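S.K.: Before I ask anything, let me first share the structure, which is written out below as structure tokens.
A short reminder: the numbers here are calculations on the coordinates, not readings from a lab. These numbers come from a predicted model, not from an experiment. Here Cβ is always computed from backbone atoms with ideal geometry, including for glycine, and neighbour counts include all displayed protein chains.
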Amino acid sequence: MSQNKAFSTPFILAVLCIYFSYFLHGISVITLAQNMSSLAEKFSTDNAGIAYLISGIGLGRLISILFFGVISDKFGRRAVI
């Protein structure tokens, strides 16, 4: 049986790390959303303020992925990591 080079160990490891990263991001968003009322009370704001916080986390992740993708292309993956 021949081995498929596309699914080598480093590739599988990278894919698992990416999936795990998104899994953890989802857990953090769900945790924040479930505790909106207590967070709003603690930070003296309303639920909309906490919703902006949750949205900001997602937007920050999107911007950082785009930014570090360009930086990684320019300087190399190992230099950025």
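S.K.: What are the ³J(HN,Hα) couplings of segment 70-81, residue after residue, when phi is run through the Karplus curve with 6.51, -1.76, 1.60 and θ = phi - 60°? Round to Hz, x for glycine and proline.
M.R.: Each residue's phi maps through the Karplus curve to give 5, 4, 5, 5, 6, 9, x, 5, 5, 5, 6, 5 Hz.
S.K.: With N residues in segment 5-80, what two-decimal value do you get for its Cα radius of gyration over 2.2 N^0.38 Å? Don't skip to the answer; put the middle values down first.
M.R.: Numbers: Rg = 17.1 Å, N = 76, 2.2 N^0.38 = 11.4 Å.
Scaled against compact globular proteins, the figure is 1.50.
S.K.: If you don't mind, another one. Taking only DSSP H segments of four or more residues, each worth -39500 (n - 2.57), what value at 222 nm results for the chain once the sum is divided by all its residues, to the nearest 500 deg cm²/dmol? Before the final figure, lay out each step's value.
M.R.: Details: 4 runs with 66 residues, N = 81.
Only helices count here, giving -27000 deg cm²/dmol.
S.K.: Tell me, what ³J(HN,Hα) does each residue in segment 56-67 have, in order and in whole Hz, if you take phi through Karplus 6.51 cos²θ - 1.76 cosθ + 1.60 with θ = phi - 60° and put x for Gly and Pro?
M.R.: In residue order, the calculated couplings are x, 5, x, 5, x, 5, 4, 5, 5, 5, 5, 5 Hz.
S.K.: Points 7 angstrom from Cα along the Cβ direction at Leu66 and Ile81: gap in nanometres?
M.R.: It is 2.5 nm.
S.K.: If I model a spin label at Lys74 and Tyr19 as a point 7 Å from the Cα along the Cα→Cβ vector, what separation in nanometres do I get?
M.R.: Simple spin-label model gives 3.4 nm for this pair.
S.K.: Moving on to the next point. For segment 14-20, in order, what is each residue's ³J(HN,Hα) by Karplus, 6.51 cos²θ - 1.76 cosθ + 1.60 with θ = phi - 60°, in whole Hz (x at glycine and Pro)?
M.R.: Values, residue by residue: 5, 5, 5, 5, 5, 4, 5 Hz.
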